[in-house]
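Have a look at the structure below, then the notes.
The values are calculated or read from the model by the stated rules, or taken from the named source; none is laboratory data. Note that this is a predicted model, so its numbers are computed, not measured. All Cβ positions, glycine included, derive from the backbone under ideal geometry; neighbour counts span all protein chains shown. Heads up: the accessible areas ignore ligands, DNA and RNA and are worked out on the full protein's heavy atoms, side chains in. Shrake-Rupley method; radii C 1.70, N 1.55, O 1.52, S 1.80 Å.
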Amino acid sequence: RGATTTTTRAASLSTFAAAFATRTSAHGRSPGFASPSTPSTSSPSRTPSRGRGFAASSEGGGADDANPAWASSSSGDAARKEAELEASYKALFERFERAPNKQKRFLLNRALTGRVNAGDDDDASESSAGGGGRANRALMTRVIDVNRTTKVTKGGDLTNYTATVVVGNGDGVIGYGHGKAAEVGPAIDKAYRKAARSLTYVKRFDGHTIYHDVKGKFCKTLCVMLPAPSGNGIIANDTVEAICQLAGIKNIKAKIHGSHHPMNTVRAVFDALSQVESPEDVAERRGVNVFRI
């Protein structure tokens, strides 16, 4: 049994090393975990020129000899990037060593797809650009639902989370989105970014309620919304109440008929709010003045 475990571990590590070799060759490096300062013997030494891809560094003079200051700065940037990439590889390798057997297959699959770290690279880049993390959120956020799904595989259970998020500024601008990730936090961040890209404006009467009765439907879910006088408050379930608060609606009556699934409820409420028309909209649609309505 010990020999079988050792053989399986060696096979997993060899697969992991092969994945890193494929990743490093895509970056123009020799495979392995050698330090960035160690030159590779398999390919000639090359340095990037200012506008011509790659040129020889010492044979034939070139742009680097004419401007040594720029050459030193570019080589320093390249060495720093190589060091960061090497640190990412080593961090993933250490996590693979510490991970239980059920997660090693998952990490190997992530490495084979070309992802350096355990998280999504696209999400990290968007978060650093100001679109993802909680510190960068400019809109109020409400998490409506978080659903967990588990896929049973031969190497272990793969758990995934789906988050439904509604965002708004409290003054008529709202949006919703869904996000999927291996953890709850990244799933909420994905949903927030999608919601921030699909904002809509809700027309309100005196800034506290809607103009008229509306009905919204999605699949088997029907949402009926009625205007209410000041001081009445929001009379609705938790999902509709959260959406109305983010939209700046303070007085309303709402009822959900049929399926109460959170995703269907959110879409039915947004369909109902999109049908609200102000007197100006009705006058423009009919081609008359507002005072005649």
(request) Go through the residues of segment 182-202 one by one and say whether even a single one is at pLDDT below 95 and over 27 Å from Asn147 (Cβ atoms). (result) yes
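Report the residue count in segment 237-266 for those that are open to solvent by 50 Å² or more (accessible area, probe 1.4 Å), touching a residue at least 40 places away in the same chain (Cβ under 8 Å) and over 16 Å from Gly175 (Cβ atoms). Full working, then the answer.
Going residue by residue through segment 237-266, those that are open to solvent by 50 Å² or more (accessible area, probe 1.4 Å) are 237-238, 241, 245, 250, 253, 255, 257-258, 260-261.
Filter once more, so that each one left must be touching a residue at least 40 places away in the same chain (Cβ under 8 Å): 245, 250, 261.
Filter once more, keeping what is over 16 Å from Gly175 (Cβ atoms): 250, 261.
Counting residues in segment 237-266 that are open to solvent by 50 Å² or more (accessible area, probe 1.4 Å), touching a residue at least 40 places away in the same chain (Cβ under 8 Å) and over 16 Å from Gly175 (Cβ atoms) gives 2.
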(message) Cβ-Cβ under 8 Å, sequence separation 6+ or interchain: first residue in segment 150-162 and at positive phi, partner surrounded by 12 or more Cβ atoms within 10 Å (Cβ to Cβ) and part of a strand (DSSP E or B). Which pairs?
(response) none
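Go over the candidates Val282, Val290 one by one and state the one that is more than 25 Å from Thr141 (Cα to Cα), open to solvent by 60 Å² or more (accessible area, probe 1.4 Å) and of a type in the set (Val, Ile, Thr).
On the way: Val282 fails: open to solvent by 60 Å² or more (accessible area, probe 1.4 Å).
Of the residues listed, the single one that is more than 25 Å from Thr141 (Cα to Cα), open to solvent by 60 Å² or more (accessible area, probe 1.4 Å) and of a type in the set (Val, Ile, Thr) is Val290.
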(message) Being in contact (Cβ under 8 Å) with a residue 40 or more places away in the chain and over 13 Å from Ala272 (Cα atoms) is the requirement here; does Asp206 meet it?
(response) no
(request) Kindly provide the set of residues from segment 173-227 that are aromatic (Phe, Trp, Tyr), more than 15 Å from Ala254 (Cα to Cα) and in contact with a Phe, Trp or Tyr (Cβ under 6 Å, 6 or more places away or on another chain), ordered by number. (result) Phe205
(request) Scan segment 88-100 and report the pairs whose first residue is closer than 17 Å to Leu158 by Cα and whose second residue is in a helix (DSSP H, G or I) and among the aromatic types (Phe, Trp, Tyr), with Cβ atoms within less than 9 Å and a gap of 6+ or a chain change. (result) Phe96/Phe16; Ala99/Phe106
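Quick one: would you say Ala181 is farther than 30 Å from Glu277 by Cβ, open to solvent by less than 40 Å² (accessible area, probe 1.4 Å) and touching a His at 6+ places or on another chain (Cβ under 9 Å)? Talk me through it step by step, then tell me what you get.
Working: farther than 30 Å from Glu277 by Cβ: yes; open to solvent by less than 40 Å² (accessible area, probe 1.4 Å): yes; touching a His at 6+ places or on another chain (Cβ under 9 Å): no.
Criteria not met by Ala181.
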